[in-house]
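Colleague: If you scroll down you'll find the structure; I have some questions about it.
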Amino acid sequence: MNAKERVITTFEHREPDRVPLWYGASDALTARLMQQCNVSHEEALMQRLHIDFRRVHERYIGPDLGAKTYWGIERGGGYYGQPLTHPLAGVETVEQVAAYTGWPSPDWFDFSHLRQECEPWRDYAIIGGPWAVVFTDATELVGMGEFFMKMHTHPEVMHAVMQKVSDFYYELALRFFEAAGDLLDIFFFGDDIGTQQSMIISLPHWREFCKPHVERFLKLGKQAGLKTMFHSCGAVRKMIPDLVEMGLDALNPIQVRARGMDLRELKTEFGARMAFHGGFDHQQVLPFGSEADVRAEAHRVIDIMAPGGGYCLAPSHDLMLDDFPPHNVIAMYDEAYQYGRYTQA
């Protein structure tokens, strides 16, 4: 099988030749891995690590934002950072939401390069589409504490904020798929709904405020002929039945140390209806374990998740960080590549 066939077979709950592998890391770790593997560019690293997925992104071509995001939010801190300002703090009416002048424009993004980027990767599973973090962006615009209170006191206003964010990403997705949808395989989008212990909001509130937008993007991905994959870190066990009901193809990243995210239980309960993408301990084993620990974890995860298909191995977070030991990362992929074969030689 080539990589594309391997991934699609897996997403359709059939057993391919081996477990597919996904890569996501900081630029600094990628550079260290390239040096460790003695390769000169990122594509060569992907091939050395046996990675089955490739990903393409829209490009920002809009106005200079200075220190702000295209939502008008100032951010600070490492990696993704944290919002330091909330432009819609204090919003009280739907009319104020509509009157806000800081909404970004889909015209600020370019999609003309996508086909050229996809062409060399026709044998790989190509992931695309805007990230569409509707809940996250809405709470950052208002401020999370205020947003949560106003779900009770001003629900129609918070719905209006969510809708404006959703409409923006929906237009980006339409343009993305119009430009290159026939060359994509998977629409990958997400929102972080979980903490280490529980969902950030109650399940009823998630169903009221978030689920309709998740379903909206799932339907759009299906209309474009794509498999769909949704991302949320944390303890999201309670909302998985809803994701299955909506027809989601795969869930990422399966944060195994979060409450309720036991691999064996997830595989038993949902593995016949939804694929899992991730699940390799990113919090302890990969950054702090020995190489032997990493190889043992690869065996453990594959033994639980691989039978019957429906599993792609990846760390339990999208982004491996700067200080992860390169030898552990290489060991994870090499061991999974060898041990994850459905018919051992």
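Here, each number is a calculation from the coordinates, and none is a lab measurement. No experiment lies behind these values; they were computed from the predicted model shown. Don't worry about glycine lacking a Cβ; one is built from the backbone with ideal geometry, like all the others, and counts go over all protein chains shown.
Colleague: Arranged by the count of other C-beta atoms within 10 angstrom, fewest first, what order do K219, K4 take?
Modeller: With the sparsest Cβ surroundings first, the list reads K219, K4.
Colleague: Could you work out the relative contact order of the chain, using alpha carbon pairs under 8 angstrom and six or more residues apart, expressed as a whole percent?
Modeller: With pairs under 8 Å counted, the relative contact order is 23 percent.
Colleague: On a C-alpha basis, how far is the centre of the range 49-91 from the centre of the range 254-282 in Å? Whole number, if you could?
Modeller: Between the Cα centre of the range 49-91 and that of the range 254-282, the gap is 28 Å.
Colleague: What is the angle, in °, between the Cα long axis of helix 155-180 and the longest principal axis of the Cα atoms in the chain? Nearest 10 is fine, range 0 to 90.
Modeller: Orientation of helix 155-180: about 50 degrees from the principal axis.
Colleague: Using the count of nearby Cβ atoms within 10 Å as a rough guide to exposure, how do L141, L65 rank from fewest to most?
Modeller: In order of increasing Cβ crowding within 10 Å: L65, L141.
Colleague: Starting from the 7 Å offset along Cα-to-Cβ, what nm value, one decimal, do you get for the label separation of E74 and A272?
Modeller: The modelled label-to-label distance comes out at 5.5 nm.
Colleague: For the chain, what is the calculated [θ] at 222 nm in deg cm²/dmol (nearest 500), taking -39500 (n - 2.57) for each run of four or more DSSP H residues and dividing by its residue count?
Modeller: That comes out to -12500 deg cm²/dmol.
Colleague: With 10 angstrom as the radius, rank C210, C118, C37, C312 by how many other C-beta atoms surround their C-beta, starting from the fewest.
Modeller: C37, C118, C210, C312
Colleague: Hey, another quick one. With axes computed from alpha carbons, what is the tilt in degrees of helix 211-223 against the longest principal axis of the chain, rounded to the nearest 10 within 0 to 90?
Modeller: Helix 211-223 sits roughly 60 degrees off the main axis of the chain.
Colleague: Positive end of the dipole of the chain, charges at C-beta (+1 Lys, Arg; -1 Asp, Glu), about the Cα centre: which of G308, M239, S202 has its Cα farthest in that direction?
Modeller: G308
Colleague: Would you kindly state how much longer the chain becomes between L321 and Q35 on full extension, computed as 0.36 nm times their sequence separation minus their alpha carbon distance, in nm to one decimal?
Modeller: Computed gain between L321 and Q35 is 101.3 nm.
Colleague: What is the spread of the Cα atoms of the range 73-171 along each of their three principal axes, largest first, in whole Å?
Modeller: Per principal axis, max minus min of the Cα coordinates gives 51, 31, 22 Å.
Colleague: What does the net charge come to around V133 if you take all other residues with beta carbon closer than 10 Å to its beta carbon, with K and R at +1 and D and E at -1?
Modeller: -4
Colleague: Now, a different point. What does the charge count around F189 come to, taking other residues whose C-beta lies under 15 Å from its C-beta (Lys +1, Arg +1, Asp -1, Glu -1)?
Modeller: -3
Colleague: Take the chain, mark every one of the chymotrypsin sites (Phe, Trp or Tyr not before Pro) that falls in a DSSP loop and has at most 10 other Cβ within 10 Å, then report the longest stretch left between them, sites excluded.
Modeller: Result, exposed sites excluded: 81-345.
Colleague: Please compute the net charge surrounding A25, taking Lys and Arg as +1 and Asp and Glu as -1 over other residues with Cβ under 15 Å from its Cβ.
Modeller: Once all neighbours under 15 Å are counted, the net charge is -2.
Colleague: In degrees, nearest 10, range 0 to 90: what is the angle between the Cα axis of helix 326-339 and the longest Cα principal axis of the chain?
Modeller: Taking the Cα atoms of the chain, the angle to 326-339 is about 60 degrees.
Colleague: Antiparallel as a % of all DSSP beta bridges within the chain, to the nearest 5?
Modeller: Taking every DSSP beta bridge with both residues in the chain, the antiparallel ones total about 25 percent.
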